[in-house]
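Please read the structure below before turning to the comments.
The values are calculated or read from the model by the stated rules, or taken from the named source; none is laboratory data. Just so you know, these numbers come straight off a predicted model, no measurement behind them. Note: ideal-geometry Cβ built from the backbone for every residue, glycine included; neighbour counts use all protein chains shown.
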Amino acid sequence: MEIKIENIENETLVRLTGRLDTATAAEFEKAIAPVLQSDMNHVILDCSDFEYISSSGLRLFLVIQKTALAKNGSVTIRKMNAEIKSVFDMTGFTALFSFE
Amino acid sequence: MIFKTNKSLSGRIVFYVLSLCILLFIISLSVFYFFSKHQIEEMTYQNAEALTANTVLKIEQILVPITKISNNYQWIIKKLESDPDSLFMLTRKIVESNPEIMGSAIAFEPNYFKEKGLYYSPYSYRSGDSVISMQLGNENYEYFVMDWYQIPVSIAKPYWTEPYYDTGGGNALMTTYSVPIYSDSAGVKRIVGIITMDLALDWFTEIVSSVKILNTGYASVLSRNGTFVTHPKKELIMNQTIFSYAKEINNPELREIGRAMQRKKSDFVSSTLNGVERMMYFTRLPSSDWTLAVIFPKEEIYLPLRSISIILIVVIVVGLILLTFIITRIISKQLVPLRHFAKSARDVAKGNFNVVLPDIRTQDEMKELHDAFDYMQMNLVHYIDTLKDTTTAKEKIESELRIAREIQMGMIPKTFPPFPARKELDQYATLIPAKEVGGDLYDYFIDNERLYFIIGDVSGKGIPASLLMAVTRSLFRSVTLHFSKPSEIVSSLNNTLSENNDSNMFVTLFLGILDLKNGMLSFCNAGHNPPILIHDNSSDFFKVIPNLPLGLIEGFKYKQQEIAIKAESTLLLYTDGLTEAENEQKVLYGEERLHSFVSERKFTSAQNLIEAILKDVDNHVLNAQQSDDLTLLAITFKGVQDKYEKSVTLINEVEQIPLLQQFIEEVGDDLGLNAPLVMKLNLALEEAVTNVILYAYPKVPGKKIIVSVTLKGNDLIFTVTDTGVPFDPTLTENPDLNLSAEERPIGGLGIFLIRQIMNEVTYSRIHDINVFTMKKKIEN
């Protein structure tokens, strides 16, 4: 699991690469922490190279969304592949997020 | 006070001493009394005799001269015969010259002096101060028949008359002494007359009356015929004879005494008068032949004795009372240490062994007691110390055994069936430890479709053996991660165990690796009992290369062997605790019996086989004590399952999830599954395994989770098994998907996802194992 965070203008770009499972969840959580602490105006989660997500990962995505909503920020998911999307569909997470 | 302490002991001593003293005193007193009594009697009698003799002497002193007088005057009378008248002068003379003589007469035979006539008896008597002479004989006084004349004449001897009262002259008590006068004319001696002297008896009475003997003893004189001449009872004097008196008081005894007095000269007699016993000593007055008797109450003899006796008794009684007090005090004082000893004994009994004993200075029995007590105290202390040490040592040994047992039992797998998901295997094992832990071990696991198993026996007993067993088992688990061939694994184990093996303990071991995909068994034996292979009602011992037990020679080259295991074969592994189980006659169970037992029977399962063998061993051993651990491991290989099967063993750490991913991808490869499906399967499995990590093994590290998969027709069945706490994931409720992001709870998605992905999801708990099964239908 690799995470790249870029702040471009007033956007926070989080590029996710690899798998987000129970093993890598802790690492992701740590990496995401600065984003959660920011004002989260406009967070983009780039999932182009995102391969796999399990319930631990879903949990963290939910945390991101909840935090952003609390701060009146926004989270957008970009380029999620079909498999992961189906997981989102299965769990009803699709409704919780906006997609690009 | 004195009597309370040591009451019974000193009381007893005093009682015995007192009794003995009293007895001695009684005996002494009695002896003294009787001896003295006898002495006193003797003395009294002698006294009486002496007194009597003395009195007799006094009396005779008076009487004897009288008799002498008559002899003198005989001669004169002869001379005066020619002048009869002159005889008056003679009688006068006699009276005048002798104051005791009251009167004197010279009486002649009738008609002796013819001129004088029939009677001629010149007589003079005292009357007041003068002497009167007269003629005694006349018609009114025929003196020839008088006692004083007749009797001496007839007996031709001097004669004292019986006493009489002188009626003529003052009524004095008198007696007359008559002596015959002889003449020898014509050559013939004949009595011609009597010369008499009248004697007053008042002096006589005086002498006798003055005789005093003892207290009330007295003397009495009796005349020849027994008349009382003198006697304290004045009424008896001259009135009674002893015989008449005896008759009067009806005392025949007295009569006999009277007779005795007349018969014998002197004697001692006793008589009872008015109930009082009296002693009497009588003797004759030689001159008058009268009897002088001295009489005294017998009792009075003993009066002095009585007094002395009473005094003695009083003194003795007082002495005994004093003795009692003194002895009691002395004894009590002597026994005071006993009280202290009793107190010391109680203190010792309370557990205080440093009690100070009373100081004993004497070298007697108290000192003995003191020394014995001292010795006892010392010995008790020593004994208790020894006991403490022994108990501590015993407890130590027992706790050591307990620890060893716990180590041992903690190390061996005890859950059965150990691989419920593996259809190729029916496996069971048992380890029955001996009282002293023997160091048997067995272990097994499946990795990568291979069953690794060992059975072993550590030499020695107790904690060292159990530790070596634990080391061996751990090494087995770790070495098998690096080596895959039995010879390599065993060599590695051996090298590690031989290193630093100062104690020269060793382990016999049989290690086998059974490939579940083809039934090939490769094994390496290290000095262990060859297992038995059972197939189709026949059994054979493995032909093993023995090799050396582990731990002896570092670098030893172990050789392994291969054998094909047919389907429905059972490997029976055991330790020598089985074959060397002995009964009370020291007969071993033996390989033969084992061999024939397993050959002759059909067994329904591995468990059934082992239980049957155990029963058979029991029947052999009966009551004998088990001396070594007894271990049995039975592996029944049911044959290669031609369904697809794969499994992986994970540790309960999230870091192992990549391994799970790898496993799922391999399965996908094996079965040619498409990527999305593989991903979905991965997701479902990851959720299942994560749940186990989180909920079945909460906070318990290092636990195993076995994930296995089989393909049955179009069903791909995943099984996740763990030995954690009972955890049923199917109980979790599905989340509400319609909640908003704010409302959605974090978590609860795992099982939901699984349910969404898989077709069928079941949970069961088998023995101590959580078995979670997920089925996915696939098109192939």
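Some values worked out for this structure:
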read-out: Residue, surrounded by the fewest Cβ atoms within 10 Å (Cβ to Cβ), within region B:293-338, restricted to residues that are over 20 Å from B:Tyr16 (Cα atoms) and among the polar types (S, T, N, Q); value: B:Ser307
read-out: Hey, B:Gln641 in a helix (DSSP H, G or I), more than 14 Å from every other protein chain (Cβ to nearest Cβ), over 60 Å from the mean Cα position of the chain (by Cα) and touching a residue at least 60 places away in the same chain (Cβ under 8 Å) or not; value: no
read-out: Filtered residues of region A:89-100 (kept if touching a residue at least 24 places away in the same chain (Cβ under 8 Å) and either more than 10 Å from every other protein chain (Cβ to nearest Cβ) or within 18 Å of A:Arg15 (Cβ to Cβ) (or both)); value: A:Phe97, A:Ser98, A:Glu100
read-out: Neighbours by Cβ (under 9 Å, 6+ apart or cross-chain): first from region B:689-704, facing another protein chain (nearest Cβ under 9 Å) and in contact (Cβ under 8 Å) with a residue 12 or more places away in the chain; second surrounded by 22 or more Cβ atoms within 10 Å (Cβ to Cβ) and of a type in the set (Ser, Thr, Tyr); value: B:Val689/A:Thr22; B:Thr690/A:Thr22; B:Thr690/A:Ser54; B:Thr690/A:Ser55; B:Thr690/A:Ser56; B:Ile693/A:Thr22
read-out: For B:Thr55: the one exception among (1) under 26 Å from B:Leu222 (Cβ atoms); (2) exposed (fewer than 11 other Cβ atoms within 10 Å of the Cβ); value: (2)
read-out: Residue selected from region B:730-745 under the condition exposed (fewer than 11 other Cβ atoms within 10 Å of the Cβ) and more than 8 Å from chain A (Cβ to nearest Cβ), by the criterion nearest to A:Val63 (Cα to Cα); value: B:Glu743
read-out: Segments classed as strands (runs of 3 or more DSSP E), wholly inside region B:134-219, with at least 2 members that are buried (at least 21 other Cβ atoms within 10 Å of the Cβ), small (Gly, Ala, Ser) and under 60 Å from the mean Cα position of the chain (by Cα); value: none
read-out: Residue in region B:450-498 that is surrounded by the fewest Cβ atoms within 10 Å (Cβ to Cβ), counting only those that are within 58 Å of the chain's Cα centre (by Cα) and free of Cβ contacts under 8 Å to residues at least 60 places away in the same chain; value: B:Pro464
read-out: Filter result for B:Thr631 (within 22 Å of B:Val709 (Cα to Cα) and either among the aromatic types (Phe, Trp, Tyr) or away from chain A (no Cβ under 14 Å) (or both)); value: no
read-out: Hits in region A:68-80 - residues which are within 14 Å of the chain's Cα centre (by Cα) and facing another protein chain (nearest Cβ under 10 Å); value: A:Ala68, A:Leu69, A:Val75
read-out: So B:Phe727, is it in a strand (DSSP E or B), under 15 Å from B:Thr690 (Cβ atoms) and more than 14 Å from chain A (Cβ to nearest Cβ); value: no
read-out: Positions within region A:56-67 being facing chain B (nearest Cβ under 8 Å), surrounded by 19 or more Cβ atoms within 10 Å (Cβ to Cβ) and aliphatic (A, V, I, L, M), in sequence order; value: A:Leu58, A:Leu62
read-out: Test for B:Phe144: is it in contact with a helix residue (DSSP H, G or I) (Cβ under 9 Å, 6 or more places away or on another chain) and modelled with pLDDT under 80; value: no
read-out: Residue check for A:Asn10: more than 10 Å from chain B (Cβ to nearest Cβ) and without any contact (Cβ under 8 Å) to a residue 24 or more places away in the chain; value: no
read-out: Test: A:Ala25 is within 11 Å of another protein chain (Cβ to nearest Cβ) and touching a residue at least 24 places away in the same chain (Cβ under 8 Å); value: yes
read-out: Out of A:Ile5, A:Ile44, A:Ile53, A:Ile32, sole residue that is within 13 Å of another protein chain (Cβ to nearest Cβ) and under 12 Å from the mean Cα position of the chain (by Cα); value: A:Ile53
read-out: Matching residues in region B:532-565 - criterion: being without any contact (Cβ under 8 Å) to a residue 60 or more places away in the chain and either part of a loop (DSSP other than H, G, I, E, B) or of a type in the set (Phe, Trp, Tyr) (or both); value: B:Asp536, B:Phe541, B:Phe542, B:Lys543, B:Val544, B:Ile545, B:Pro546, B:Asn547, B:Leu548, B:Leu552, B:Ile553
read-out: Options B:Val678, B:Val720; residue that is more than 8 Å from chain A (Cβ to nearest Cβ) and more than 26 Å from B:His767 (Cβ to Cβ); value: B:Val678
read-out: Scan of region B:746-770 for residues that are crowded, with 21+ Cβ neighbours inside 10 Å, outside any helix (DSSP H, G or I) and within 14 Å of chain A (Cβ to nearest Cβ), ordered by number; value: B:Leu749, B:Met758
